[in-house]
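Asks: Below is the structure I would like to discuss, written out as structure tokens.
The values are calculated or read from the model by the stated rules, or taken from the named source; none is laboratory data. Everything numeric here is computed off the predicted structure, so don't read it as measured data. Quick reminder, even Gly has a Cβ in these numbers, built from the backbone with ideal geometry, and neighbours come from all protein chains shown. The area values use the complete protein model at the heavy-atom level, side chains included, leaving out ligands, DNA and RNA. Shrake-Rupley method; radii C 1.70, N 1.55, O 1.52, S 1.80 Å.
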Amino acid sequence: MTLTVGLVALIGTLLVGQTVLPSWGRSVRAMYPEAHRIVTPAVVWGIVVLACLQAVAVIALRLVASARAGRTATGSARAGLVLLGAVLVQVVVGFVGLSWLGFGQPGVMLGLIAIGLVCAVGIAVPLGRRSP
């Protein structure tokens, strides 16, 4: 069941990154000419974040499979934490960049804060479980 949900999520995010985000960018550019300068970076940013989250999902599925087999996969866990850290850095850069350019609408900023909190929790929980 976990594998099926993971594969559906991967395929779904792949479709979003390759079809929905570029079409969203074209429609925003057509409706709001003043946002022209941030549409392309926003679409690229979204695709990069989705790619990192897809890699995290693959690593999580690998960790689940390893746990079911009774093995540990510390390298995969470390790679997942690094990718979550990369997403967190991208969220901070996006937050600062949008604020600096004057496009800090509450809906966008709340979405960035939510993604950042999920990544921070995803990093903090495994690190908090380590024994000294």
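Asks: Compute the acute angle (0 to 90°) between the alpha-carbon long axis of helix 74-101 and the principal axis of greatest extent of the alpha-carbon atoms of the chain; round to the nearest 10°.
Replies: For helix 74-101, the angle is close to 20 degrees.
Asks: Moving on to the next point. Quick one: check the C-alpha center-to-center distance for the stretch 87-109 versus the stretch 13-75, whole angstrom.
Replies: 17 Å
Asks: How big is D for the chain, in µm² s⁻¹ as a whole number, if Stokes-Einstein is applied with the Kirkwood radius of its Cα pairs at 37 °C and 0.692 mPa s? Show your work: numbers first, answer last.
Replies: Values: Rh = 16.4 Å.
Answer, rounded: 200 µm²/s.
Asks: Could you calculate the contour length gain from Gln18 to Arg78, that is, 0.36 nm times the residue separation minus the distance between their Cα atoms, to one decimal place in nm? Please list the in-between numbers first.
Replies: Details: separation 60, 0.36 × 60 = 21.60 nm, distance 2.78 nm.
18.8 nm is the gain from fully extending Gln18 to Arg78.
Asks: Pop out the ³J(HN,Hα) list for the stretch 58-63 in order, Karplus 6.51 cos²θ - 1.76 cosθ + 1.60 with θ = phi - 60°, rounded to Hz; leave Gly and Pro as x.
Replies: Values, residue by residue: 4, 5, 4, 5, 5, 5 Hz.
Asks: If you don't mind, there's one more thing I want to ask. To check my understanding: the extent here is largest minus smallest coordinate of the Cα atoms along each principal axis. What are those three numbers for the stretch 73-125, in Å, largest first?
Replies: Computed over the Cα atoms, the extents are 43, 15, 11 Å.
Asks: Ok, one more. So how far apart, in nm, are the two label points at Thr40 and Ala114 if each is 7 Å from Cα heading toward Cβ?
Replies: That separation, rounded to one decimal, is 3.0 nm.
Asks: Got a sec to turn the phi values of the stretch 36-47 into Karplus ³J(HN,Hα) couplings, 6.51 cos²θ - 1.76 cosθ + 1.60 with θ = phi - 60°, whole Hz, x for Gly and Pro?
Replies: 4, 6, 10, 5, 4, x, 5, 5, 4, 4, x, 5
Asks: A further question on this structure: Given the Cα-Cα distance of Val48 and Arg26 and 0.36 nm per residue of separation, how much length would full extension add, in nm?
Replies: 6.1 nm
Asks: For the chain, which whole-number percentage of the solvent-accessible area (1.4 Å probe, protein heavy atoms only) is attributable to carbon and sulfur atoms?
Replies: 74 percent
Asks: Another question, if that's okay. Mind checking the per residue accessible area of the chain for me, 1.4 Å probe, whole number of Å²?
Replies: Each residue of the chain exposes 65 Å² on average to a 1.4 Å probe.
Asks: OK, next. Just name one of Gly46, Val87, Ile113: the one whose Cα is farthest towards the positive end of the charge dipole of the chain (beta-carbon charges, Lys/Arg +1, Asp/Glu -1).
Replies: Comparing the listed Cα positions along the dipole, Val87 ranks first.
Asks: How high is the relative contact order of the chain, in percent, counting Cα pairs under 8 Å that sit 6 or more residues apart?
Replies: Result for the chain is 21 percent.
Asks: Using the crude model of +1 on Lys and Arg Cβ and -1 on Asp and Glu Cβ, and no other charge, please compute the dipole size for the chain relative to its Cα centre, in debye to 20. Each step should come with its number before you reach the end.
Replies: On the way: 9 positive and 1 negative charges, 87 e Å.
Charge dipole of the chain: 420 debye, to the nearest 20.
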